[in-house]
1. Around N120, with a cut-off of 12 angstrom between Cβ atoms, what is the net charge of the other residues, counting Lys and Arg +1 and Asp and Glu -1?
2. Could you compute the FRET efficiency for T85 and I105, with r as their C-beta to C-beta distance and R0 at 25 Å, rounded to 0.05?
3. Taking a spot 7 Å from the Cα of E73 along the direction of its beta carbon, which residues of the stretch 24-66 have an amide N less than 20 Å from it?
4. Roughly how tilted is helix 154-163, in degrees to the nearest 10 and between 0 and 90, from the longest Cα axis of the chain?
5. How much of the DSSP bridge set in the chain is antiparallel, in percent, rounded to the nearest 5?
6. Let's test the formula: R0 of 35 Å, r as the Cβ-Cβ distance of E18 and E132. What FRET efficiency results, to the nearest 0.05?
7. So if I place +1 on the C-beta of Lys and Arg and -1 on the C-beta of Asp and Glu, and nothing else carries charge, what would the dipole magnitude of the stretch 19-167 be about its Cα centre? I want it in debye, nearest 20.
8. Binned at 5 Å from 0, what are the whole-percent values of the Cα-Cα distance distribution for the stretch 43-173, short to long?
Amino acid sequence: ARTFLPPRKMATAGDDDEITLETYDKHQVKVPKKIAIRSAIIHMMIEDAGDVSEVVPLADKSCTLHIIQRVVEYLKKHAEFDANTAEDEVINAFDKEFQEQSDEIIFQTILAANFLDIKNLLELMCKKVADEIKKCKTPDDIRDRFNIRQDYTPEEVEEVKKAHPWIYDKNAK
């Protein structure tokens, strides 16, 4: 369930071209409005508030300073790509490098992109996870890769193996 808080008034009015985002961990990040509104949620919050001199709180715990800085970096770079009609190779190179993060950063970025409704960033990071899953041959490989604990009993695992032997066939593609 998403929690949306209304923007709070800042002590001083800021530049109309910038807005201030307040991260979940209570840091403030100034972002050009044209960049911030690439998030459908922030765009909606700004339209509802009607005043960009207010602080826009990000109430989702994935929206920490570090993750929001990464999200803003991505949005700025893609705005630059759009403005300069960048070649696909340049965009793909940036995206590939952007994806090269720890699993924790990848998953937190996915959660933040989902909360902020930034479809292209969400798809990019989910594609990274999907590519990692494709490298795995069995459910056990996936659990090992993503450090997921086995929550089935040994009897339940055997039952699944009998019912769906192809899942555990290491030679299957």
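1. 0
2. For R0 = 25 Å, the calculated efficiency reads 0.25.
3. Flagged as within label range: 24-33, 35-39, 62-66.
4. Around 80 degrees separate the two axes.
5. On the way: 7 of 10 bridges.
For the chain, the DSSP antiparallel bridge percentage is about 70.
6. 0.45
7. I would put it at about 140 debye.
8. Whole-percent P(r) values from 0 Å outward: 2, 9, 14, 16, 14, 12, 11, 8, 6, 4, 2, 1, 0.
Values in this text are rule-based calculations from the coordinates and carry no lab data. None of the values given here were measured: they were computed from a predicted structure. Here Cβ is always computed from backbone atoms with ideal geometry, including for glycine, and neighbour counts include all displayed protein chains.
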